[in-house]
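Student: Let me give you the structure first, and then I'll get to my questions.
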Amino acid sequence: MNRVWYNPQVLKRKIRIVVIAVLTLVLLGLFLRNSNPDRVAHLLRSVQPMWLLPGFAANLLALLCRALRWRTILRPDDPPRFYPTFFSTAIGFMSSAILPIRAGDVIRPALLSRRTDIRFSSALGTVVTERLLDLTAVVTLFLTFVVISLSRGESFGPARMVFLRSAGSVAALVFVGVVVFVAATFFFRERVRRLLGWVSRMMPMKWRGSFMNFFDAFVISLKLPNNPLALAKVLALTVCIWILLTSQFFFVVRAFGHPLPYRASFLVTAMSILGLSIPTPGGVGGFHKACQIVLVNFYAFDVDTSVAVALIFHLVGTAPVLLTGALLFAHEGLTIRQLEDIGEHPGEIHGSQGEDSLT
């Protein structure tokens, strides 16, 4: 046997690859179960391309808005240059589309720290801020769907209405939890830090320092409320991002000649994001199955149509990011191996080591 198998890190990596591959295949099997390949192919050929073009455009504009929002969060009064921020954003989201476990959330700040004077730890803290903004937006979309459905007396069947009410209650708790955490951190930073310091003692020693540094970097990005104009810009861009992202599904179902009300995209988007959280490359399998569950159970799509719609929805949501990232990737002469190394050792190489740009 090759001695490389005795290396714990190599063995761990191989086991992780096998587990992810098996999980992806299982989810794809569940997604494609009971579907007719010939009919799915026919449905895919019947798609009206003109309806997909605005979907692709919405995805690109959302990527642009993400870069603009990140610049403002990173340094409200003196944002970093646009190109390195957009480059890092595009490569980061491309990485998340091809690598498992949201690798782009680490690669993105690591790339930015190599091209600007912003430190990796500070950039990583702002990624947490972005994730909280996006989580709040998705929860708000889902709650909006639930409230509208209940207020209009819509019924998807007893079991599904129970699910909506229960999931809506959980979403409301998550929303309140995020707001309370952010408010507590903003107004009572030291108390929250002491509490997290106590929590960190339960972690392995090697993680404790990074955990607290991570929190400190996140706190710095919460200075936005002190700059009302920057805060308004960040909130406006967040609204734009999620209007654009939810509109993708709106255009996809019209491309199939099977239009649904715009609010249906709130439910499909929220559930699909849950599917994306499953650690498969680009959410393959998890995204598709989550989308299919909504289409079949809430909107009476047959299995074949749900398969076709989920495939195109995923294509519209990833192709523009992949293409943009690939072009920049090639322009900068990067390799996949370099991305993997950056993801595994993000803080090893830095640009300027001057004062933290967010302080």
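The values are calculated or read from the model by the stated rules, or taken from the named source; none is laboratory data. Keep in mind that this is a model prediction, so the values were computed, not measured. Glycine also receives a Cβ, built like all others from the backbone with ideal geometry; neighbour counts cover every protein chain displayed.
Student: So which of I243, I273, I278 is of a type outside the set (G, A, S), at negative phi, modelled with pLDDT of 95 or more and surrounded by fewer than 23 Cβ atoms within 10 Å (Cβ to Cβ)?
Tutor: The conditions single out I243.
Student: Give the residue, chosen from R119, R115, R108, that is within 18 Å of F211 (Cα to Cα), charged (D, E, K, R) and in contact with a helix residue (DSSP H, G or I) (Cβ under 8 Å, 6 or more places away or on another chain).
Tutor: Step by step, each of R119, R115, R108 is checked, and only R119 is within 18 Å of F211 (Cα to Cα), charged (D, E, K, R) and in contact with a helix residue (DSSP H, G or I) (Cβ under 8 Å, 6 or more places away or on another chain).
Student: Follow-up. If we only count helices (runs of 4 or more DSSP H) wholly inside the stretch 181-283, which ones have 1 or more residues that are closer than 20 Å to P320 by Cα?
Tutor: Per the criteria, 228-255, 264-276.
Student: Among the acidic types (D, E) and either part of a helix (DSSP H, G or I) or surrounded by 19 or more Cβ atoms within 10 Å (Cβ to Cβ) (or both): is that true of D117 in this structure?
Tutor: no
Student: Filter the stretch 1-34 down to the residues that are of a type in the set (K, R) and surrounded by 12 or more Cβ atoms within 10 Å (Cβ to Cβ), then identify the one that is modelled with the lowest pLDDT.
Tutor: R13
Student: Which ones in the stretch 222-240 are crowded, with 16+ Cβ neighbours inside 10 Å and over 23 Å from L141 (Cβ atoms)?
Tutor: Matches in the stretch 222-240: L222, A230.
Student: Could you please find all residues in the stretch 40-79 being out of contact with any helix residue (DSSP H, G or I) (no Cβ under 6 Å at 6 or more places or on another chain) and not in a helix (DSSP H, G or I)?
Tutor: Passing the criteria: S46, R75, D77, D78.
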